[in-house]
Structure formats: C-alpha cells, structure tokens
Amino acid sequence: MSSKISSRNKVKKTKSKRTNDKFDKAMDDVKRIGMLSCFLVAILLVVSLFVDPKESYAAVVEELPDSFISRKNPTDASGGIGSFANYITEGDHNVTTPKEFYGEAGGSRLSNIYCMDRKLLMDGGVTYNKDKSVVDASLDVKYPGLIYIIENGDSLPDNILNTVPSNEQAYLTYYLNQLAVWWYIDIVNGYTPDANSVGSNYKNGVITEDEEGSLYEYDNNLSVLDKQAIINDTKYGPYVRDLVTKATSYQANTNPTLNAIDINSITFTMTESYIETDYISVTSNSSNFVNYTVNTNNTNIKAYNEAGVEKTTFNANERFKLRIPLSAIVDYKINLNVSIIGNFSVHDAYFYVANGESTDSLRHQRALLGQILNTTKSVEAPLEYEIPTGKVIISKQDSETGLGLKGAVLSITDKTGKEVYRYETTGEDLELTLPVGSYMVTETVIPEGYQAEVTTINFDVISGATTPVVIKNTPTINVPDTSLNSNLVYGVGSLIIIVGIILIVVAVKPRNAKKKK
C-alpha cells in the first residue's frame, strides 16, 4: 500500500516539475523578447540622433519671411557654387539643375527655393528680400502656375522615387520640380507653346542676339535640346510635362469670394413659437474655401446645422438654417440682417530679389518661395432682407352646428408645395403667423362620422392682416343596414324550402308502401 502511495507522489512531483519547467521557460522567453525590444528601441533612438530628415520640398510655411540668406549644397572644397544634378540625358547632352538651393531665415532652414532665371548668377550667402507675388496686379506678365507647381510638386509618386536610392530621392524631387518651374516660365514668356513641343530658342518667333546660330545658348530657361531630352525621356519626362501642363491651365484665386445667396429661393416652416428657414447653402468660386461663420443682428435668432445642432461656425460643405422666434416680429415684419463670413486658405508664391539689386537689372537670379495654407482670408457676404408677415385663423367646423371639430389632420403648404405646418384639430381655432404669400390647406384625415365638403382650400397671407379660413365637414347620415335583413330572409327562405322537401319525402314514402301491398 505504501509503495502505491509513494509512486503516486512521484508522479505528482514529476508533473509539478514539468509544469514549473514550462512556466520558467515561458518567462525566460518573455524576458528575451523584452530585452530584444529594448535593444531595438535603443538602436532607433541612436540612429535618430544622426539622421537629418528631409523636410518638404514645397515651401510650406505659415508666414513668408521678409528676407532670407541663400544656401547652395553641396559646396566643393574651395567653397564654390556646388555640383549640378542631371537625371535626364540624351546622347551627350545633360539637362542640369542646381542640386539643392534653399534659404535660412532667423537661424531656421526654409524649404527649398526654386530659381527663376537660369542664365543669371545663382549663389549661396546672398540675402534675398521679399518682392512681388507671382500674380501681382502690377506685373506685366503673371505666373499663377508657379503656385500650382509648389503646391503639387511636394512629393513624387513611388514609381518615380523608387528609380533612385533613398538618399537621392530628395534631390530628384527638387530636380524635376525645378525643371517644371523653368519650362512653365518659358511657356508664359513665349519661348515654347506647351509641354509637348520643344518650340525654339526664339521668343514668339523672334530670334535674339544670344540665340543666333546655337541650340545651346538661350535667354529662356530651357534650351531646345533640354526640352527635346525631357520629351524623349520615358522615366522622368512624363511627370515634368504633366506638371507643366496642369500649371499652364491653373487659375490662381488669391481674392476668393462667396457666391450671393438668392433670398427669393428661401422657404420657411413654422411652429406656434418660431419661424424657421429651410437649409441655406453657402458656396464659393474658390476651391480653398475652409469654413464660414454666421452672425445675426438678433441674439434670439439662432443658426443650426443639418443635425439640429446650434452653431455659429460651419464647414464649407455644411448647410445652415435660421430659427426666428415670433418675438422677433415687429409690426408684422422680421428684419433679418445676417453676416456670413467665409474663411479661405490663400495659396500664393512670391519672388525674392537679391539685396541691393533692382528687378530691372538683376545680377542674381530671382528666387521663388511659396506659401501654402497661410493665415485665412475672410470675405463677408451679407444676407439682409425684410420678411413681411401676416396671420391666418383656421377654423374646423361642423357644417350643421358651426361647432369646432377635433380629430381632423390639416397640412399647410406654400406655393412651392413645401409643407410648412401640420397639426391635428382640437376643436379650437388655430392662429398662425406666416410670411406673406400664397398657401394651401389640405385635410389629410377626416374626423370619424363626417365627410369633407372640400379637401383643399387656397388662401393668401397679407402683410399686417389676418386671413380667416373655414373648413367644414358634413355629418354622415345613418342608413339602416339592409344587407343583414336580406341575408336573414334568404336564410329563412332556404330553410323553409329544405324542410318542405323533407316533409314531401316523408309523406310520399308511406303511400308507396301501401301500393306494394
């Protein structure tokens, strides 16, 4: 007996030991995973200290600086202007741009700066001052497409970025966008018709002194050979040409406006305590419409969104409605004075000119710096009009007694067919304030025991007046239900006939029996 107990204890100890071993092994695995995770995090932290992430190559800044100092990278050992990048070549011809050109203002690096005049000097260490917008009204020639290039050339699609090592992707982005800037400028200046043809080195067909006899020299930014190489390049050329084409058709909107609201199209619904407009849309001709605010001349007049939430600021795609308490009606009029202020994110780009150099005699290139999503610009669209009102008293009556009827459901619609009010009669007259106009009341539910004389009545609400509307129902006449009596007669008659047949059969049977005897 004792040996059996001993063996059982051994089995229990063995099982317990195995369980403990599995638990210890699991804990060891958890420790290893934890240590490995900490090690990897430490490596990432160390690497992050030495990694200089490239910032956006579009000039995304909240406020453009009044001036900046140019920087050109990379510079050679002698401090020269630096090497050039050339990703597009054709034969022995390289299409080159600066490898990197950026600015510093207040000790902080700005995003990359694009160059406007390829033939002029481009150098580092030069102070540039903010000049005119690319769409400034005083410019003889305006360049709205430069805003588009800066906005949309921020990042290249993956199929293009993946054609170069990761450490070159930022340079490739800058290179292709700089080519797009130069080609777009050439199109605007008349050196080439579009992004699908090389044009010539002649400005609008007129040969210049520097261009005569050579395809390599130009007053324009890109030579005939440059454009031909870009057109024939199947890797990067399509991106540049597409960007230039879209920039050419881009229309800058630095002075956005709100579209006028047609007050005649505004309709209303009402209750016994307020009048409410239908939903009003606020639209703009500008794609960078952010939001708008609604301010009223009466604090009791509230604005609501489509979810029924009271608000003052609405998103660009939201509609709003106004709820006007009847207390706002003075002398049968509502003076509605609503200020709608639209907010826009104004996109623009500016020229920067080297310090001490006028725009008429430049030695250095003009630089280009863009501004995206800067401080909003507000535009006001007033919604001011007077709403004259009147009253209507609707009576629902018994045509014979003239007493009020309850249980009828009446619907009031305006001239557009929109229902403005619906209610169930209580036997009392309804007094309702309505904006001046033509309306129709329809009885949709007739009280039990009555029939309608007419189901629809048209009426007009007149400014400052009260319009009476009487809707009568006629009591129905109680006619005896003859169908029950007819059925009873038919039933009794049928029963009599059946009984008669049975009696005839019974009477005939004995007679037949006597005859047989």
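What to note about this one:
- Taking the Cα centre of region 223-272 as origin and assigning +1 to Lys and Arg Cβ atoms and -1 to Asp and Glu Cβ atoms, the resulting dipole is close to 400 debye.
- Legend: distances between Cα atoms for Lys333/Lys415; Lys333/Lys472; Lys311/Lys418; pairs beyond 29 Å are Lys333/Lys472.
- A simple packing score, the average count of other Cβ atoms within 10 Å per residue, orders the peptides 123-134, 308-319 as 123-134, 308-319, with the highest score first.
- Protection-proxy order for peptides 235-243, 297-305, each taking the mean of Cβ atoms within 10 Å per residue, highest first: 235-243, 297-305
- Probe 1.4 Å, protein heavy atoms only - accessible area per residue of region 101-144 in square angstrom: 43
- The protection proxy used here, the mean number of other Cβ atoms lying within 10 Å of each residue, ranks peptides 411-423, 145-157 as follows, highest first: 145-157, 411-423.
- Förster radius 30 Å - calculated FRET efficiency between Asp92 and Asn196 (Cβ-Cβ, nearest 0.05): 0.80
- Remark: region 444-459, residue by residue, has Karplus-estimated 3J(HN,Hα) of 8, 10, 9, x, 5, x, 9, 10, 7, 6, 9, 9, 9, 10, 8, 8 Hz, where x stands for each Gly or Pro and the curve is 6.51 cos²θ - 1.76 cosθ + 1.60 at θ = phi - 60°.
- Computed with a 1.4 Å probe over protein heavy atoms only, the accessible area of Asp92 comes to about 140 Å².
- Legend: distances between Cα atoms for Lys132/Lys227; Lys72/Lys142; Lys72/Lys130; pairs beyond 24 Å are Lys132/Lys227; Lys72/Lys142.
The values are calculated or read from the model by the stated rules, or taken from the named source; none is laboratory data. Model, not experiment: these values are computed from the prediction. Every residue, glycine as well, gets a Cβ built from its backbone with ideal geometry; the counts of neighbours run over all protein chains shown. Side chains are part of the model used for accessible areas, which takes the heavy atoms of the whole protein and leaves out ligands, DNA and RNA. Shrake-Rupley method; radii C 1.70, N 1.55, O 1.52, S 1.80 Å.
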